Amino acid sequence: MAEASSETTLDARGLKCPLPVLKARRALKDVPAGGLLRVLATDPGATKDFAHFCETTGCVLVESGPDGEVLCFLLRKPG
């Protein structure tokens, strides 16, 4: 049976720009190629920051949007 893609969660709630993106960059080092990183953030600027981050790193922004008062971003690491 094939194993599902691993998913790691990074809680960046309460952090201001650019910390959520910087912490995501660091967390992605431990994510296998093709793996997923879910980032939880509350900084309104994170939406634009993660779109730009994916454009410059080759990560795929699988999904993004609000979940109540928290913004959720699901990134797939290239590979």
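The values are calculated or read from the model by the stated rules, or taken from the named source; none is laboratory data. Here the structure is a predicted model, which is why all the values come from computation and not from measurement. Using ideal geometry, Cβ is built from the backbone for each residue, glycine included, and neighbour counts are taken over all protein chains shown.
Structural remarks
- Pairs where the first residue, in the stretch 57-79, is free of Cβ contacts under 8 Å to residues at least 24 places away in the same chain and the second is surrounded by 15 or more Cβ atoms within 10 Å (Cβ to Cβ) and of a type outside the set (K, R), C-beta under 6 Å, 6+ apart: L61/C54; E63/L74; S64/F73
- Filter pass, E63 being assigned to a strand (DSSP E or B), surrounded by fewer than 13 Cβ atoms within 10 Å (Cβ to Cβ), modelled with pLDDT of 95 or more and at negative phi: yes
- In the stretch 14-28, the residues that are part of a loop (DSSP other than H, G, I, E, B) and among the charged types (D, E, K, R): K16
- You will find that of V39, V31, the residue that is touching a helix residue (DSSP H, G or I) at 6+ places or on another chain (Cβ under 7 Å), of a type outside the set (D, E) and on the phi < 0 side of the Ramachandran plot is V39 and no other.
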